[in-house]
1. Hydropathy first: keep DSSP H helices in the chain averaging at least 0.0 on Kyte-Doolittle, then drop any whose Cα extent along the axis falls short of 15 Å, and list what survives.
2. Please list the three semi-axes, largest first and in whole Å, of the ellipsoid equivalent to the chain, using sqrt of 5 times the eigenvalues of its alpha carbon gyration tensor.
3. How many angstrom lie between the Cα centre of the stretch 133-205 and the Cα centre of the stretch 62-102?
4. Can you give the relative contact order of the stretch 1-118 as a percent, counting alpha carbon pairs under 8 Å and 6+ residues apart?
5. If you roll a 1.4 Å probe over the heavy atoms of the protein chains, what accessible area per residue do you get for the stretch 93-139, in Å²?
6. Mind listing the Cα extents of the stretch 1-129 along all three principal axes, in Å, largest one first?
7. For Ser32 and Asp83, what is the calculated FRET efficiency with R₀ set at 22 Å and r taken between the beta-carbons, to the nearest 0.05?
8. Pop the C-beta distance of Lys40 and His226 into the FRET formula with R0 = 22 Å and round what comes out to the nearest 0.05.
Amino acid sequence: KIANEIDFNLMEWTLDHENLSKNPLMTKSGQSQILDLSLKYNVKIKSLTGDCFMQTPFWKSSKNIIGLQNEFLEVANACSELDISIIVVPLVDNGSIENTDQEIKLLEFCSKNTEFFKKKNLQIAFETDFEPERVLGLVKNLDHKVFGVNYDIGNSASLGFNPKYEIKIYGQRIINVHIKDRKFNGSTVPLGLGSANFQSVFRNLNYINYKGNFILQAARSKSNEHKQILEKYKSQVLLWMNGDKNVI
């Protein structure tokens with residue numbers, strides 16, 4: 001309802017591992033309610049951030065790898081029921097890939113289930129802490145119709161990456177964008193107060209003709225004025241997209 005009031009028509013679902021089976025996304029009654037509310041308030045849910053995969057990554061598991069992989073496929077099934085078409089898999093923080101064995105486990109699972117994801121009309125977008133060439137290396141041998149990259153503006157800024165170079169290297173595999181700001185080697189801050197070069201990001205995404213979604217994953221209001229700060233963020237982002245150099 002609030003999203004409708006402030007003219008937001010797109011939302012990304014975030015799914016935690018705690019109480020996973022009770023999340024509305026994972027139950028028939030919850031799915032029905034989500035669809036009803038989406039229609040009532042004209043808010044589409046086209047993507048999901050799988051924090052659950054980051055919290056319990058199967059590629060790092062030695063005992064419950066099959067169970068966690070099956071959970072992944074159950075989440076994928078649920079997304080398909082709701083016409084969610086992109087699943088963001090965070091390979092950062094607890095989900096960060098630390099060695100070749102973990103990467104092989106992930107890639108083997110992806111290759112094995114490529115046709116399943118195709119059948120469900122799903123794309124998998126990896127969000128990584130890799131250098132640009134390694135990002136490309138991760139996805140280059142996976143089906144480009146199914147597997148791509150989630151570009152998180154703030155995370156890249158925090159790591160000190162150059163957006164022009166990143167987008168040049170793997171831009172054609174970007175299928176979802178998180179709008180966030182972070183200090184270099186630091187945490188999330190309000191948009192415009194960190195190290196992100198938004199003008200460069202939007203200019204270079206436009207150069208490669210990026211047509212995917214933009215999702216605000218920005219710092220929350222410290223005074224619980226989330227509605228107001230979302231409106232403020234949206235206005236500023238639209239200015240940046242149009243080349244305005246002013247900040248909030």
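The values are calculated or read from the model by the stated rules, or taken from the named source; none is laboratory data. Quantities reported herein were computed from a predicted structural model and do not represent experimental measurements. Neighbour counts run over all protein chains shown; Cβ positions are idealised from the backbone, glycine included. Protein only, heavy atoms only, side chains kept; ligands, DNA and RNA dropped before computing areas. Shrake-Rupley method; radii C 1.70, N 1.55, O 1.52, S 1.80 Å.
1. Those that pass (Cα extent of 15 Å or more, hydropathy at least 0.0) are 65-81.
2. Value: 27, 24, 17 Å, ordered largest first.
3. So the separation of the two Cα centres works out to 20 Å.
4. Reported as a whole number, the value is 27 percent.
5. 52 Å²
6. 47, 27, 27
7. 0.95
8. Once the sixth-power term is evaluated, E becomes 0.60.
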